[in-house]
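Accompanying notes for the structure given below.
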Amino acid sequence: MRAPPRIADAARAAILLAGAIAPLALPCSPARAEEPGLPASGGVLHVSAEPPRLLLGRDTTAELRIATPSDVEDVSLSASAGRIEALRRVPGGFAARFRAPSERVPQVAIVAALGRTPHGTEHGWLAIPLFGQGDARVRTSPGQEITLEIGDRSFGPHRAGPDGIAVIPVVVPPGVREAHHGFKPIDLHVPETQLLHAVLERVTVLADRQERVRVVAYVVAPHGAARRGDVPLFEPSRGSVSAVEKEPGAVEAIWILPPGRAGEERLSVRLQASAASRTVLKLETVAGPPAVVAVSFDRDAFVADSAERVTVTARALDAAGNPVPATLSMAAEGAELADVRQRAPGELEARVVAGPSFGGRRQVRVTASAERLGISGARILPLRPGEPAVARFEDAEGILRGDGARASVLRVAVADRHGNPVDAPPAVTAERGKVLEVASAAPGAFDVRYVAPAVSFPTRERLVATVGGAKATAGPLLLAPAPGWQGVPQGGVLADVRGRFVGLRSGFALESPADWALPLEHGFDPSWRAEVEAMGLRPGGAVTLLGGAALARAVDASLVLHASATAGVLAGTSGSSLAARIAAGASLPRRPLTPFLEVALLTARSGAPGPFAALALSVGLRLPLERTHGDDPHRR
């Protein structure tokens with residue numbers, strides 16, 4: 001049972017009991033109080049009181065009887081004033097005792113009964129008029145007799161004393177605010193009292209789901225009759241309320257509470273026309289069953305250079321995010337957990353140990369689970385490197401083609417002092433060429449698009465990459481553009497290594513540029529080579545038709561070294577056989593012709609003198625047959 005807050009206090013009652021009531025100087029027409037009629041009541045549960053009215057200061061209790069249908073299992077009672085005690089079951093329903101408030105201010109006590117059945121709840125209510133009593137002090141002429149009329153009763157006559165004060169004991173029904181002496185109204189200084197009482201169908205609901213709570217409010221007139229058409233205002237701390245008048249004096253409302261925090265919610269119910277008619281209902285929202293496990297960190301990321309520890313917390317929550325008790329366990333991928341402890345039922349806390357060297361890892365995944373409930377949760381903690389401390393070019397001494405047009409790609413790696421990749425793009429400058437772009441290629445790796453200047457001979461470049469406090473340099477070798485098609489006429493002498501013959505030779509070779517990555521990376525220009533050679537041998541002569549590959553490497557602007565290896569067929573006076581030729585020489589670059597000197601070894605299974613191996617010394621020219629391919633982006 002719960003008694004509502006009392007509106008009138010002892011101090012206000014004293015105003016009625018000892019307040020001086022002064023007559024008005026001017027007469028006026030008498031104003032009569034509204035006839036009280038029968039006290040208000042209603043609802044399925046029939047509530048009655050014996051006696052039906054109480055005189056405060058004389059009557060202290062009234063016996064209540066609540067007649068209920070047979071399926072009502074239990075009943076709860078509450079009152080807007082006074083209190084309920086000794087609730088018990090009796091044949092035909094329930095009985096209880098209403099104990100009147102101690103103050104003597106005339107008012108109405110609204111008693112509400114809420115009965116629970118297997119199918120829901122039923123309600124009933126009753127208004128109990130509480131008459132007040134006290135002494136009215138009326139100022140008049142000394143010795144004059146005074147009679148006061150209050151409602152339909154008269155009090156007096158009483159004679160005024162020598163001081164002109166007449167003290168008249170009076171009884172004041174609820175709803176009456178003044179008395180009359182003849183035609184003169186006398187203010188009784190009766191304060192406003194509570195005309196409203198409200199009850200909740202339930203006082204506890206679950207916070208993790210939408211709940212609908214029935215609310216019944218009872219409204220009476222000041223004298224205790226049912227008040228029609230005055231629907232109170234319902235002001236919830238959360239959610240919404242819709243209300244409708246079910247019967248005179250009884251308003252039913254539905255409080256819709258959406259999922260939310262657990263705790264206490266309040267519903268204020270008040271009458272707009274009466275400041276004293278206000279009550280606050282309290283509803284407890286409790287957490288629902290565990291639905292999820294939430295994992296959280298005390299910061300956004302783990303930083304390699306930071307000395308502060310990262311704390312991870314796992315909590316079991318209901319569907320609305322309210323903490324609930326549960327047995328949890330915690331595990332981590334990419335790190336270790338230390339100092340694991342239970343802070344509260346359903347809450348674990350630990351320290352993440354992940355560094356300072358991350359070993360290529362970019363994140364830590366922490367998983368917490370309530371295995372018995374079959375629920376779990378996980379969260380990712382990013383691993384962030386420290387400030388850039390180390391930078392390097394992956395191929396600091398590589399070889400690039402210096403044609404002034406084609407873009408090459410160099411890679412720069414950036415790391416912190418612990419070796420963790422740092423995604424901080426460096427600023428790259430070139431001493432001779434032009435840096436077009438620096439783009440991210442991988443964690444801590446950046447591709448630098450660079451155009452080397454056009455060079456005629458091998459030249460060293462200098463590139464510098466800076467980021468934060470880190471600096472890297474690279475010195476790639478720039479080679480001249482690759483040659484195009486070349487004709488190579490030559491002539492010279494040929495001598496057998498065993499001294500059997502000496503002869504003249506002449507030949508012509510055709511070289512076509514080849515795109516070999518590996519030779520270029522070692523500074524060579526590769527080409528395909530086809531050659532034909534005529535030799536004067538004794539007796540007779542021979543012709544070779546050979547094919548193979550050649551390599552050229554510029555040493556500086558005035559010297560190019562070259563070599564070739566070819567194989568094919570030698571045809572002589574005595575027949576034909578397989579033959580092979582290897583050659584090496586040096587060229588003197590000139591435009592448009594390049595003279596060269598070459599030494600070669602030719603071997604054949606047979607010839608004019610039979611099988612032989614001959615050395616040849618030749619001179620010749622390299623003749624460009626087309627423009628070079630320096631402007632071809634698909635060639636190196």
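The values are calculated or read from the model by the stated rules, or taken from the named source; none is laboratory data. The model shown is predicted, which means the values in this text are computed figures rather than measured ones. Every residue, glycine among them, receives a Cβ derived from its backbone with ideal geometry; neighbour counts consider all protein chains shown. Just so you know, the surface numbers come from the protein's heavy atoms only, side chains and all, with ligands and any DNA or RNA stripped out. Shrake-Rupley method; radii C 1.70, N 1.55, O 1.52, S 1.80 Å.
Protection proxy ranking for 285-297, 261-273, using the average of other Cβ atoms within 10 Å per residue and placing the highest first: 285-297, 261-273. Think of the chain as having a plus end and a minus end, set by charges on the Cβ of Lys, Arg, Asp and Glu; of I186, S587, V451, S587 sits farthest toward the positive end of this dipole. Taking every DSSP beta bridge that has both ends in the chain, the antiparallel portion is near 95%. Straight-line reach from K282: taking Cα to Cα under 13 Å and skipping same-chain neighbours fewer than 8 places apart, the aspartates and glutamates in range are E201, E235, E264, E265. Full extension of the chain between V90 and D152 gives 18.5 nm of extra length, using 0.36 nm per residue less the Cα-Cα distance. Surface exposure of region 359-401, expressed per residue as accessible area with a 1.4 Å probe, stands at 59 Å². Distance between the modelled labels on R590 and Q210, one decimal in nanometres: 9.8 nm (7 Å Cα→Cβ projection).
In region 385-510, the portion of solvent-accessible area held by carbon and sulfur atoms comes to 53 percent [1.4 Å probe, whole percent, DNA, RNA and ligands not counted]. The dipole here belongs to the chain: it is taken about the Cα centre, uses +1 on the Cβ of Lys and Arg and -1 on the Cβ of Asp and Glu, and is about 1140 debye. Looking at S357, G346, T327, which one has the Cα that reaches farthest to the positive end of the dipole of region 314-364 (charges on Cβ: Lys, Arg +1; Asp, Glu -1)? The Cα lying farthest towards the positive end belongs to S357.
Each residue of region 258-264 was assigned a 3J(HN,Hα) from its phi angle through the Karplus expression (A = 6.51, B = -1.76, C = 1.60, θ = phi - 60°), giving x, x, x, 5, 8, x, 10 Hz with x at Gly and Pro. Annotation for R228 and E264: the two label points, set 7 Å from Cα along the Cα-Cβ direction, are 3.9 nm apart. The portion of the accessible surface of region 170-286 made up by carbon and sulfur, rounded to a whole percent, is 49 (1.4 Å probe; DNA, RNA and ligands excluded).
Taking label positions 7 Å along the Cα-Cβ direction at both R361 and A405, the computed distance is 5.2 nm, reported to one decimal.
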